[in-house]
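These notes are about the structure you will find just below.
What follows is calculated from the coordinates using simple rules that are stated; it is not laboratory data. Note that the structure is a prediction, hence the values are computed from the model and not measured. Note that we place each Cβ from the backbone using ideal geometry, even for glycine, and neighbour counts take in every protein chain shown.
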Amino acid sequence: MRSVVRSMTLAFAVAACGGGGGSPDDGGDGGAVDGGTADAFTGDPLDGVGAVEPVMGGFMFVEGPQWRDGDADLLFSDIPASTIYRLGPGGAVTVFRQPSDMSNGLALDPQGRLLAAEHGARRLSRTENGAVSAVAERFEGARLNSPNDVVVRDDGTIYFTDPPYGISDADRELDFIGVFRVAPDGTVTAERRGALTERPNGVVLAPDQAVLYVDDSDAAVVRAFDVMPDGALGAARTFATTAATPDGMAIDAAGNLFVSTSAGIEVFAPDGTRWGAIAIPEQPANCAFGDADHRTLYVTAQTGLYRVRLAHPGLPRR
């Protein structure tokens with residue numbers, strides 16, 4: 001049985017089928033943005049949420065789910081196992097890439113090539129026809145910290161987060177914690193030079209790609225950045241405060257943000273107010289929309305891969 005915790009009932013757990021369309025509470029921190037689309041649904045995105053189903057367990061620590069429409073499959077990382085797995089159309093899970101240099105977040109570029117944020121190699125890589133090459137591994141001569149998550153704009157601009165997870169202070173070469181942009185011509189820019197205490201993690205674009213969301217796992221906030229026409233980012237503003245350790249994120253067609261946290265999958269409206277949360281059996285690390293209708297939310301959560309059906313479509317990340 002699924003469990004949805006809605007903000008308007010504070011922490012009251014509601015099990016079973018969706019209720020009447022409510023409105024989110026006033027728990028957000030502002031920084032309102034219009035990330036929706038003109039033909040998107042309105043109302044509570046948690047109405048009609050189905051049961052959370054296990055797909056497969058027994059992994060070490062899974063992350064980075066990425067749906068591929070053309071192949072009708074889901075790719076995801078097992079970081080300690082240094083493996084990218086493939087969930088095929090028939091439900092079989094097979095090895096896609098091994099070793100994966102401890103890949104974490106995954107994304108697709110406009111040509112459908114796989115991008116991977118690699119902890120082990122401290123780089124962002126691209127896989128094409130089985131060959132793996134570096135997209136970004138140094139900035140101003142220094143090695144990156146530990147690329148964590150990645151998202152791509154329609155024009156090919158890439159954004160990725162670079163916290164220091166998995167490396168010691170002695171091994172760190174950059175004097176800041178960054179959010180980076182890779183332009184279509186390959187130029188790498190540090191869009192945010194954060195303090196060494198920052199932990200930027202999940203990253204996702206609004207449906208109109210005019211806003212980039214980045215969460216900070218230690219500060220338990222989601223920040224929003226306006227995206228300029230050339231792909232550069234404006235100043236950060238607080239979009240929402242979450243439960244502890246926000247991680248990977250997904251977004252639906254109406255601009256509702258789905259954030260993996262210690263509370264499950266927390267859902268925020270485009271203005272930053274909180275709709276509620278979907279409880280997951282294990283603490284989730286990331287999530288992504290998939291299947292042909294984009295109404296299945298796949299969730300990577302510690303040792304397991306889960307899925308849950310929603311009434312409204314999401315946007316598979318690119």
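Just how large is the dipole of the chain about the Cα centre, in debye to the nearest 20, putting +1 at every Lys and Arg Cβ and -1 at every Asp and Glu Cβ? Before the final figure, lay out each step's value.
Details: 25 positive and 43 negative charges, 106 e Å.
In debye, rounded to 20, the chain gives about 520.
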Separation of the Asn129 and Ala72 label points, Cα + 7 Å toward Cβ, nm: 2.7 nm
Figure the gain on full extension for Ala195 and Phe61 (residue separation times 0.36 nm, minus the Cα-Cα span) and round it to one decimal in nm. 45.5 nm
So, R0 is 30 Å and r is the distance between the beta-carbons of Ala183 and Arg86; what FRET efficiency does that work out to, to 0.05? 0.50
Roughly how many nanometres apart are two label points built 7 Å out from the Cα toward the Cβ at Ser168 and Ala292? 5.4 nm
Any chance you could list the semi-axes, whole Å, largest first, of the equivalent ellipsoid that the Cα gyration tensor gives for region 68-199, using √(5λ)? 26, 17, 12
Euclidean distance between Cα centres, region 157-219 to region 268-311, Å: 23 Å
Distances over 16 Å make up what percent of all Cα-Cα pairs in region 193-294? 54 percent
Can you compute log10 of I(q)/I(0) for region 112-266 with the Debye formula, treating each Cα as one identical point scatterer, at q = 0.12, 0.16, 0.18 Å⁻¹? -0.47, -0.86, -1.10
Once phi is turned into θ = phi - 60°, what whole-Hz ³J(HN,Hα) does the Karplus curve with 6.51, -1.76 and 1.60 give for every residue of region 63-71, x standing for Gly and Pro? 7, x, x, 9, 7, 10, 4, x, 9
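Rounded to whole Å and sorted largest first, what semi-axes of the equivalent ellipsoid does the C-alpha gyration tensor of region 31-315 yield via the square root of 5 times each eigenvalue? Kindly include the intermediate steps, with their values, before the conclusion.
On the way: eigenvalues 129, 101, 65 Å².
Values for region 31-315, descending: 25, 22, 18 Å.
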